[in-house]
Amino acid sequence: MTGKSSTFNILMYSHDTYGLGHIRRTMAIASHLRAPNVNILILTGSPIAGRFSFPDQVDFVRIPGMIKKTNEEYLPLSIKIHPSQALDIRKKIIYATTKTFRPNLFIVDKEPLGLKKEVLSTLQWLRRSLPGTRTVLGLRDIMDDAESVRASWRKKGIYDVLESLYSEIWVYGIQDFYDPIAEYDIPESVSRKMHFTGYIPRKVISRDEIRKEKLRHCLAEKEPLVVVTTGGGGDGYPVMDAFLAMLESSGRPLPFRSILITGPFMPKKQRNDVSRRAKAVGVRTYHFYRQMEKVLAAADLVISMGGYNTLCEILSQKALPLIIPRETPRREQLIRAERFKAHGIAEYIPWHLISPKILREKVLCLLDQPESFKSAVAGFPMTGLEVMRERLKIFRCCG
């Protein structure tokens, strides 16, 4: 007897050149799309994918890592071969895995064509050979400033790709906060496919777990905690440097405790400098924090650069965000910081204005007068996973 298998296969592609945002977002989505008879396989270039705990029914295929040299140039992260060879290996692994796994749903994170067009042939094969497979592009709320995105997408033919090779586009944000349809000049034929999911929540930590986390760091229950994190950390040293300079320049101990998480991609020399200076002022530092949600839940205030993933984690735990957004090579973090400040959800310091004095003023003000921000954070909707689960139900029912 032959019949249609009840198993539903989801393949998720995350190019992960440098940083933690893509793999953490992909892991959060995968963990919550699990259901009986659903298999999820992640294609990732993240060099630290193996450090995460993968739940049942979720696994990953590691493709060679690449590191961004410029917006258009990438180099192999570890193996010493020509970039074109590394990209060819990645492309063939993606293609072969897709043909073998035969996904019912293929989700591409952020890059419509993948890194240097590496998923284009796979998308074309799916359209030809598995026309019933849904192809979904997942976009974070803000990609870059409107002018840059429009120019890049026109040059690369992205508008045609969105129309011809994708079934749907999931925007992990709120249209009233930032509307990519208007900002990026998306045609009506493509905008019909777009679903605004809202921001993607993370596991909410219980009061008991928060208490244990505070005890782990020798914190009294009501003792204020400031956590500083720069995601992967590759470009986060100036934030750590400014925070440590603030502590070093204070004539007396400040009324809070601090934890610094440098990120696994901060250059070793900078990481060693942070560790040495932090130790001198009695501050704990971590290279990589496996259960990030717990330390964020224990925090009263979190200082970050305002990457999409980090903000989702902060807001899920109802901590107050203070953003120091990077302005190059993309303006994404700055635009997000401006929008969140306009809605009263976060405070921010422009990159060019960061100094120990301004940082101290902002930190103390937020800790002393948190009420308006706390209220805005408490009411912030995090609907991303709920909406995606509903889309998955529709796919399974109508597939």
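Would you mind telling me the antiparallel percentage of the DSSP bridges in the chain, rounded to 5?
On the way: 3 of 49 bridges.
Antiparallel bridges make up about 5 percent of those DSSP assigns within the chain.
Could you give the angle, 0 to 90 degrees to the nearest 10, between helix 83-101's Cα long axis and the longest principal axis of the Cα atoms of the chain?
For helix 83-101, the angle is close to 60 degrees.
Find the accessible area per residue for the stretch 237-307; the probe is 1.4 Å, ligands and nucleic acids are left out, and the unit is Å².
On the way: 3070 Å² over 71 residues.
Each residue of the stretch 237-307 exposes 43 Å² on average to a 1.4 Å probe.
Quick one: accessible area per residue over the stretch 68-209, 1.4 Å probe, rounded to a whole number of Å²? Kindly include the intermediate steps, with their values, before the conclusion.
On the way: 6610 Å² over 142 residues.
Ligands and nucleic acids excluded, the result is 47 Å² per residue.
Name the aspartates and glutamates eligible as straight-distance cross-link partners of Lys222: C-alpha to C-alpha under 17 Å, and not fewer than 8 places from it in the same chain.
Within reach: Asp208, Glu209, Glu213, Asp300, Asp368, Glu371.
Nearest 10 degrees, 0 to 90: what angle lies between the long axis of helix 332-342 and the longest principal axis of the chain (Cα atoms)?
60
For the stretch 375-391, just list the computed ³J(HN,Hα) in residue order, Karplus coefficients 6.51, -1.76 and 1.60, θ = phi - 60°, integers in Hz, with x standing in for Gly and Pro.
Using θ = phi - 60°, the values come out as 5, 5, 5, 4, x, 6, x, 10, 9, x, 5, 4, 5, 5, 4, 5, 5 Hz.
Enumerate the calculated ³J(HN,Hα) couplings along the stretch 240-254 in order (Karplus 6.51 cos²θ - 1.76 cosθ + 1.60, θ = phi - 60°), each rounded to whole Hz, writing x wherever the residue is Gly or Pro.
4, 4, 5, 5, 5, 4, 4, 5, 5, 8, 6, x, 9, x, 7
List every residue whose amide H lies under 5 Å from the amide H of Tyr286, counting only residues 5 or more places away in sequence or on a different chain, with H placed 1.01 Å from N in the peptide plane.
Close amide H contacts, sequence-distant or interchain: Leu260, Ile261, Thr262.
Quick check: from the Cα gyration tensor, does the stretch 126-168 come out rounded (a/c under 1.5), prolate or oblate?
Values: a/c = 4.58, a/b = 1.94, b/c = 2.36.
Verdict is oblate for the stretch 126-168.
Taking θ as phi - 60°, what are the ³J(HN,Hα) couplings along the stretch 40-49 by the Karplus curve (6.51, -1.76, 1.60), each to the nearest whole Hz, with x for Gly and Pro?
10, 10, 10, 9, 9, x, 5, x, 10, 4
Enumerate by residue number the trypsin sites (Lys or Arg not before Pro) in the stretch 228-324 meeting two conditions: DSSP loop (anything except H, G, I, E, B), and at most 15 other Cβ atoms within 10 Å of the site's Cβ.
Details: sites: Arg257, Lys268, Lys269, Arg271, Arg276, Arg277, Lys279, Arg284, Arg290, Lys294, Lys318; in loops: Arg290, Lys318.
When the trypsin sites (Lys or Arg not before Pro) of the stretch 228-324 are filtered for loop state and at most 15 Cβ neighbours within 10 Å, Arg290, Lys318 remain.
Label the stretch 328-367 by shape, choosing from rounded, prolate and oblate, from the square roots a ≥ b ≥ c of the eigenvalues of the Cα gyration tensor; if a/c is under 1.5 it is rounded, and otherwise prolate applies when a/b is larger than b/c, oblate when it is not. Don't skip to the answer; put the middle values down first.
Values: a/c = 3.78, a/b = 1.29, b/c = 2.93.
Because a/c hits 1.5 or more and a/b fails to exceed b/c, the stretch 328-367 counts as oblate.
How do Asp144, Asp179 stack up against each other in accessible area, from largest to smallest, with a 1.4 angstrom probe? Intermediate values should be presented prior to the final figure.
On the way: Asp144 15, Asp179 40 Å².
Sorted descending by solvent-accessible area, the residues read Asp179, Asp144.
Using amide H atoms built in the peptide plane, which far-off residues or other-chain residues are under 5 Å from Glu347 H to H?
Close amide H contacts, sequence-distant or interchain: Ile323.
Can you pull a Stokes-Einstein diffusion coefficient for the stretch 76-190 at 37 °C (0.692 mPa s), Rh from Kirkwood over Cα pairs, as a whole number of µm²/s?
214
What number comes out for accessible area per residue over the stretch 326-399 if the probe is 1.4 Å? Units Å², please.
Numbers: 3980 Å² over 74 residues.
Accessible area per residue: 54 Å².
Helix 146-156 versus the longest principal axis of the chain: what is the Cα-based angle in degrees, 0 to 90, to the nearest 10?
Here the helix axis deviates by roughly 30 degrees.
Run the accessible area of the chain with a 1.4 Å probe and give the carbon-and-sulfur part as a rounded percent.
51
Contact order normalised by length for the stretch 295-394, with contacts defined as Cα pairs under 8 Å and 6 or more residues apart; what percent is it?
Values: 118 pairs, mean separation 25.5, N = 100.
Relative contact order, the stretch 295-394: 26 percent.
Taking amide hydrogens as modeled 1.01 Å from N in the peptide plane, which residues meet the under 5 Å criterion relative to Phe8, leaving out close sequence neighbours?
Placed amide hydrogens put Val38, Asn39 under 5 Å from Phe8.
Which three numbers, in whole Å and largest first, are the semi-axes of the equivalent ellipsoid of the stretch 29-95 derived from its Cα gyration tensor as √(5λ)?
Details: eigenvalues 155, 30, 21 Å².
For the stretch 29-95, the ellipsoid semi-axes come out as 28, 12, 10 Å.
How many Lys pairs in the stretch 1-122 lie less than 25 angstrom apart by Cα atoms, where the lysines are 8 or more positions apart or on different chains?
Final tally of qualifying lysine pairs is 27.
The values are calculated or read from the model by the stated rules, or taken from the named source; none is laboratory data. Remember, it's a predicted structure, so these values are computed and weren't measured experimentally. Every residue, glycine as well, gets a Cβ built from its backbone with ideal geometry; the counts of neighbours run over all protein chains shown. We work out accessible area using only protein heavy atoms, side chains counted, and drop any ligands, DNA or RNA first. Shrake-Rupley method; radii C 1.70, N 1.55, O 1.52, S 1.80 Å.
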